[in-house]
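To keep things clear, I will list the structure first and then write my remarks on it.
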Amino acid sequence: MPKFSQEIMNSRKEELVDACEKLYQTKTFNEITLKEIGDTAEFTRTAIYSYFQTKEEIFLALLQREYGKWIKELEDIEATKVKLTASKLARRFALSLQNRVQLLKLLSMNLYAIEELSRDENLLEFKKVYKAAIDAVDRCFKMFKPKATQTESYAFSYQFFPFMYGVYPYVFPSEKQARAMKTAGMKLKKRTVYQLAYPAILKMLGK
């Protein structure tokens with residue numbers, strides 16, 4: 001394989017991530033294959049292996065990119081540089097999640113397996129962005145509670161981030177899931193991401 005500049009390498013990796021994202025709009029994780037991602041991006045199998053070893057690594061890169069986009073929204077909250085009430089912070093957090101449905105969808109998958117099937121270097125790059133997201137949430141939390149201790153900040157994060165993992169299935173159940181719930185006698189109440197997230201986050205903030 002000819003040598004490319006880092007810029008070109010990054011661009012080609014993004015093409016594979018873009019292809020994965022495109023397929024994920026209409027197919028599930030299990031339905032998507034590495035070959036299909038390659039065909040969509042017009043990459044040979046050998047060319048794919050120059051960037052990713054498994055489809056899990058590509059999905060991890062897509063999740064990393066989504067976290068990066070979310071961090072930018074959190075930075076917009078920080079940029080206001082004003083003290084926020086619990087209600088205003090919960091509203092801003094809820095809106096940021098509503099804007100990142102793709103992130104929530106990815107989080108609803110089995111991330112444990114995806115991380116296990118990714119190489120250490122890929123996982124490390126992802127964890128760096130994940131930590132940046134935690135730090136951004138922490139800074140926003142301190143706009144509500146400037147004198148918060150690290151323990152208080154961690155307590156909020158350890159409620160908020162696991163909560164995010166369950167939002168997508170509650171708001172966007174599949175047709176099969178909806179049918180099963182209806183047959184089981186469960187009342188399916190339709191909510192938007194914002195409607196589900198806002199009151200939950202408000203409670204996490206102790207309000």
Against the longest principal axis of the chain, how steep is helix 150-171, in degrees 0 to 90 to the nearest 10, with axes from Cα atoms? 60
Computed label-point distance, nm, for sites Asp120 and Tyr154 using a 7 Å Cα→Cβ extension: 2.6
Calculate how steeply helix 193-204 sits against the longest principal axis of the alpha-carbon atoms of the chain, using the helix alpha-carbon long axis, and give the answer as 0 to 90 degrees to the nearest 10. 50
Restricting everything to alpha-carbon atoms, can you work out Rg to Rh for the chain with a Kirkwood hydrodynamic radius? 1.02
Can you pull a Stokes-Einstein diffusion coefficient for the range 141-207 at 25 °C (0.890 mPa s), Rh from Kirkwood over Cα pairs, as a whole number of µm²/s? 176
Any of Lys72/Lys176; Lys176/Lys203; Lys69/Lys142; Lys88/Lys182; Lys69/Lys207; Lys83/Lys189 with alpha carbons more than 25 Å apart? Name them for me. Lys72/Lys176; Lys176/Lys203; Lys88/Lys182; Lys69/Lys207; Lys83/Lys189
How much FRET efficiency would the formula 1/(1 + (r/R0)^6) give for Lys189 and Asp76, where r is the Cβ-Cβ distance and R0 is 35 Å, rounded to 0.05? 0.70
How much length is gained if the chain between Arg179 and Val129 is pulled fully straight, taking 0.36 nm per residue apart and subtracting their Cα-Cα distance, in nm to one decimal? 14.3 nm
Theoretical ellipticity at 222 nm over the chain - DSSP helices of four or more residues, -39500 (n - 2.57) apiece, nearest 500: -23000 deg cm²/dmol
For a test of the definition: using alpha carbon positions, the gyration tensor, and the 1.5 limit on a/c, classify the range 1-52 as rounded, prolate or oblate. prolate
Eligible lysines near Lys35 by straight Cα distance, threshold 19 Å, same-chain separation 8 or greater: Lys13, Lys22, Lys27, Lys55
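Where a number appears in this text, it was derived from the coordinates with a stated rule and is not lab data. Small disclaimer: the values here were computed from a predicted structure and weren't measured. Please note: Cβ atoms are built from the backbone with ideal geometry, for glycine as well, and neighbour counts cover all protein chains shown.
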